[in-house]
């Protein structure tokens, strides 16, 4: 069984569109994250979500918003997509918030044209 | 916020021991040092974590000097399958700020036959 899964694996869309990426973890973890990895492999955290508490990296534009319907899911919504949003987005989870061992999903490659 | 510096790339041969050093001069008292491995088209995978001195598990060792301003990931007898990007991450186990979990750009390790 996949511990952390994401859908879709690839997403191609046009500028200005709104899109969502789904993430699910079956590890029973309390915290989930979203990361963005650019073409230079720089991996930057965007959000962490724990027990209804959302911790935001303040450099993330407010066009990005995480939504958690339950503890096992943290979906990423992106409004008004821009060319610079093209990247690979990873979902991850850990038993608690912070530097604990994180389990990553396979990633979603987003291409904005 | 503890910033990390790693070599961009390293080459090694099969069967050799590989040491990858990470500098983190402004590490905080409550920061831990964590290393992740990432293969192409996959999410990062936890390798090892430590606070001081030496930590060893079945895949790697982590050496941390007394001043904790650097750390060295040691991979014994690497094989071709160890070719990957290795990330050093410094941060507290409990994070109140998502920005404290920044991975950086990592070290591309290439193992040659």
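Where a number appears in this text, it was derived from the coordinates with a stated rule and is not lab data. In this text the structure is predicted, and so the values were computed from the model without any measurement. When we count neighbours, we look across all protein chains shown, and the Cβ atoms used for this are built from the backbone with ideal geometry, even at glycine.
Annotations for the structure displayed:
- Computed from the Cβ-Cβ distance with R0 of 30 Å, the FRET efficiency linking residue A:111 to residue B:94 stands at 0.25.
- Label-reachable residues, the range A:77-99, where backbone N falls under 20 Å from a point 7 Å from residue A:14's Cα toward its Cβ: A:78-87
- For chain B, the Cα-based Rg and Dmax, in that order, read 13.6, 45 Å.
- Average beta-carbon neighbours from other chains, 10 Å sphere, peptide A:99-110: 5
- For the range A:45-96, the spread of Cα positions along each principal axis, largest first, Å: 34, 19, 18
- Remark: relative contact order (the range A:1-84) = 35 percent; criterion is Cα-Cα distance under 8 angstrom and separation of 6 or more residues.
- DSSP beta bridges in chain A [antiparallel fraction, %, rounded to 5]: 90
- All C-alpha to C-alpha distances of chain A, sorted into 10 Å bins beginning at zero, yield P(r) values of 15, 51, 29, 4 percent in whole numbers.
- Fluctuation leader among A:14, A:37, A:25 - chain A, Gaussian network, Cα springs under 10 angstrom: A:14
- Each part gets one Cα centre, and for the range A:60-74 versus the range B:20-64 those centres are 28 Å apart.
- At R0 = 41 Å, FRET efficiency that the Cβ-Cβ distance of residue B:9 and residue A:70 yields, to 0.05: 0.50
- Structural size metrics of the protein assembly as shown, computed from C-alpha coordinates, are Rg and Dmax of 17.5, 52 Å.
- Normalised by the number of residues in chain B, the mean separation of alpha-carbon contacts (under 8 Å, six or more apart) gives a relative contact order of 36 percent.
- Between residue A:54 and residue A:96, full extension at 0.36 nm per residue minus the direct alpha carbon distance yields a gain of 13.8 nm.
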